[in-house]
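The values are calculated or read from the model by the stated rules, or taken from the named source; none is laboratory data. Worth saying up front: this structure is predicted, and the values here are computed from it rather than measured. Neighbour counts run over all protein chains shown; Cβ positions are idealised from the backbone, glycine included. Each accessible area value is taken on the protein alone, full model and side chains, heavy atoms only, with ligands, DNA and RNA left out. Shrake-Rupley method; radii C 1.70, N 1.55, O 1.52, S 1.80 Å.
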Amino acid sequence: MTPPTTPPTSGAAGEGTLRDRCGRPVTYLRISVTDRCNLRCRYCMPAEGVELLDRDEVLEFEDIVFAVQTANELGIERVRITGGEPLLRRSVDQLIAMLRSETDTREIAMTTNALLMKNYAEALAKAGLDRINVSIDSLRPDVFDQLTRRPLFEQTMRGVAHAEDAGFGPIKVNTVLIKGYNDDEVDAWVRMSIERDIAVRFLELMPIGEGAPLAAEGRYVNVSDVRVKLAEEYGLERVDVHGNGPARYWRVPGAKGVLGFITPISERYCNTCTRMRLTSTGELRPCLAWDVHVGVRDAIRGRDRDALREGFTRAAEIKPEGHHWNVGQVTRVGMSTLGG
Ligand code: SAM
Ligand code: SF4
């Protein structure tokens, strides 16, 4: 499948802010700092035979800072550090400190599986990281092990506690609902949101990388339907929660925490997408769904600001209008490479 080629729409571009060809502003950059991971989530990475990048292909911290400075000039003011597993990148707290002191980024966040949080929580807080999202796909150790292929549930939950102790609460939890594995745990998560100041976000399985065969097996769960059912059952009320993403938040009346619903397939939100991704090897990827990218590693390593600006502009120009997952599109490159 080739990306749709909708002509540019007119859009009043704010001065200096990068806009894509559909007029959407590009204000948010997700940066993958490694392709490596200490879990093997079924929908993300294969059990074995993962080909790892040579270390000299991966951007250095100074490279990332240069890229973010350039992004700032173009109006990108929020970044998220991700991977693979970002805490596997040695001294990742130093990257956060550098981004904080050497760039004009308004908000720096991280998405992690929290396994190594004990080593990093305090350093990340000191470095100036604003927020942490943790991916936890099950509250039952046996299901967690099946989904991640590693028996590390307890360590993950301790990781969340370390992050909270370091001042990162309320933590946002990402949980991908997968039929036959964890779709019967929704009520347990709702109970947790009632008891704890936490944001539990239900995600739809996307047909990306290893997620595609699972979706083809019929394991996709419609998260909009889940929200409707929970609204009836618990009388959910809509709440505003700060975030850059597509999640919409609701709360059980009187609950300490909130529930978020991320529905890329059942309620497509591509028309509001403000994202761009920078992979660990220096590719700018304007859309998760399509294998379109602009290589900017040489521009970054050569500290060629003009060429890098041009790379960002080109990536915005080729940003597709949206995905076609609901009509059979499958994305081959996996999330651990794209920087989920
Ligand atoms: N290792 C970190 C983690 O798991 O949070 C960061 C990288 S991971 C690729 C980022 C997010 O992508 C996770 O929340 C994960 O659940 C999500 N993800 C990966 N593959 C997915 C898929 N096929 N469908 C939906 N979400 C996916
Ligand atoms: Fe690793 Fe995150 Fe992918 Fe799981 S979702 S395999 S933790 S990169």
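Take Arg301 and decide whether it is away from ligand 2 (no atom under 16 Å from the Cβ), touching a residue at least 60 places away in the same chain (Cβ under 8 Å) and open to solvent by 20 Å² or more (accessible area, probe 1.4 Å).
So Arg301 fits the description; yes.
In this structure, is Val68 open to solvent by less than 10 Å² (accessible area, probe 1.4 Å), within 26 Å of Asp304 (Cα to Cα), in contact with a Ser or Thr (Cβ under 6 Å, 6 or more places away or on another chain) and among the hydrophobic types (A, V, I, L, M, F, W, C)?
In short, yes.
Of these, Asp197, Asp184, which one is of a type in the set (Asp, Glu), touching a residue at least 60 places away in the same chain (Cβ under 8 Å) and open to solvent by 20 Å² or more (accessible area, probe 1.4 Å)?
Asp197
Step by step: first the residues of segment 62-98, then only those that are among the charged types (D, E, K, R) and touching a strand residue (DSSP E or B) at 6+ places or on another chain (Cβ under 6 Å), then the one that is farthest from Gly340 (Cα to Cα). Which residue is that?
Per the criteria, the residue is Arg78.
Which of the numbered conditions does Gly254 fail, given that it passes all the others? Conditions: (1) modelled with pLDDT of 95 or more; (2) surrounded by 16 or more Cβ atoms within 10 Å (Cβ to Cβ); (3) not β-branched (Val, Ile, Thr).
Every listed condition holds for Gly254 apart from (2).
Assess whether Met192 counts as being assigned to a loop (DSSP other than H, G, I, E, B) and open to solvent by less than 40 Å² (accessible area, probe 1.4 Å).
no
Among the residues of segment 310-332 satisfying the criterion of being under 15 Å from Gly282 (Cβ atoms) and crowded, with 17+ Cβ neighbours inside 10 Å, which is farthest from the chain's Cα centre (by Cα)?
Taking the candidates together, the pick is Gly311.
Return the total of residues in segment 304-316 being farther than 30 Å from Leu205 by Cβ, out of contact with any strand residue (DSSP E or B) (no Cβ under 6 Å at 6 or more places or on another chain) and part of a helix (DSSP H, G or I).
Counting residues in segment 304-316 that are farther than 30 Å from Leu205 by Cβ, out of contact with any strand residue (DSSP E or B) (no Cβ under 6 Å at 6 or more places or on another chain) and part of a helix (DSSP H, G or I) gives 8.
From (1) part of a helix (DSSP H, G or I); (2) surrounded by 15 or more Cβ atoms within 10 Å (Cβ to Cβ), pick out the condition that doesn't hold for Asp56.
That leaves (2) as the condition not met.
Considering Asp130, Asp142, which residue is more than 22 Å from Ile300 (Cβ to Cβ), more than 16 Å from ligand 2 (Cβ to nearest atom), touching an Asp or Glu at 6+ places or on another chain (Cβ under 6 Å) and acidic (Asp, Glu)?
None of the others qualify; the one that does is Asp130.
Sort out for me the helices (runs of 4 or more DSSP H) sitting completely within segment 73-176 that have 1 or more residues that are open to solvent by 10 Å² or more (accessible area, probe 1.4 Å) and within 16 Å of ligand 1 (Cβ to nearest atom).
The qualifying helices (runs of 4 or more DSSP H) are 117-127, 141-148, 153-163.
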